[in-house]
Amino acid sequence: MKHLLSIADLSAEEITQVLDTAVSMHEVQDRQVKKLPTLRGRTIINFFFEDSTRTRASFEIAGKWMSADTINLTGKGTSVSKGESLRDTVLTIDAMGVDMMIIRHPASGAPAQIADWTDCSIVNAGDGTHEHPSQALLDAYTLRRALGDLRGRHVAIVGDLTHSRVLRSNLLCLRALGAQVTLVAPPTLMPSGVAAWAAADGFETSYDLDAVLPTVDAVMMLRVQRERMSGGYFPTAREYAVTYGLTARRLGLLQDHAVIAHPGPMNRGLEISADAADAARSLVLDQVSAGVAARMSILYHLLAGEGDAQ
């Protein structure tokens, strides 16, 4: 592996390798001294053109815990804000001899284009409405810790599917690991062409959340991305919460072992209630913790190869 641009670029075996390595990386969080020498001498640039808390912080922590030199840049703090092209900016950074750029960009496909321009490793940390592969890997890692082998497990992904980059990456990752996936959303928030997509990739769709919940092992609620909406995708926030939100009433529909996930940030009271977000079966904070371990594993596989990860 040189780049991580899409989950589609990884085989099921490669996904499993990343998840297995993350188990060892997760142990670092319990150490008094959280430091590995694995990436000493490596330089990583976190280049974020969109706001982020979890992804940016966890990549920075992952790099530092592995002894890499990590530098944070934003679009507002670079020459892009002065009118310089994205190509010239990333070529300038690449010429400084960095080993990796972790890119978040509002344009779908931007990290893949940057990978064609540069010699260093590129990690897609979220591009437009396209993909967010590291999020899918940490979500799969979290679900695997909670449920065991995901083969045959039923996962529902619910919410604003049209605008979600997390959806595509999670769907590809979960299907590669053998999980059964059902997408649930109002018709206005189902991706265009979803019927053909579902037939080709072997997943289900539904508009009825109450009918799906009793059958799942995990339900992943996705944030309603109102900042990406240019029109009325649903009448009111209250109607959306009643029809498609994971409310206190709907918690009673879940099987006893079923777990709740949300990649964050959460709109409490909209797609997820406080009762669900804070429930004992909620994995929300487990996902945050897993984010560092999974991203340490990604950095290891891209920059350190098959050497000793300890």
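Here is how the numbers come out for the structure above:
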item: Kyte-Doolittle at least -1.0, axis length at least 30 Å by Cα - qualifying DSSP helices, the chain; result: none
item: Relative packing of peptides 187-200, 87-100 - highest average C-beta neighbours within 10 Å first; result: 87-100, 187-200
item: Distance between modelled label sites at residue 117 and residue 243, nm, 7 Å Cα→Cβ extension; result: 4.2 nm
item: Relative packing of 63-71, 252-260, which averages over residues the other C-beta atoms within 10 Å, highest first; result: 63-71, 252-260
item: Debye, to nearest 20: dipole size of the chain, +1 on Lys, Arg Cβ, -1 on Asp, Glu Cβ; result: 620 debye
item: Cα gyration tensor, segment 1-44 - rounded (a/c under 1.5), prolate or oblate; result: oblate
item: Set of aspartates and glutamates with alpha-carbon distance to residue 64 below 16 Å, sequence-local pairs under 8 removed; result: 27, 30, 99
item: Options 202, 262, 224, ranked by Cα towards positive dipole end of segment 175-293, top entry (Cβ charges); result: 224
item: Segment 119-192: C-alpha gyration tensor shape, a/c 1.5 cut-off, then a/b vs b/c; result: oblate
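Readers should treat all values here as calculations from the given coordinates under stated rules, not as data from a laboratory. These numbers come from a predicted model, not from an experiment. Because the Cβ atoms are built from the backbone with ideal geometry, glycine has one as well, and the counts that use them run over all protein chains shown.
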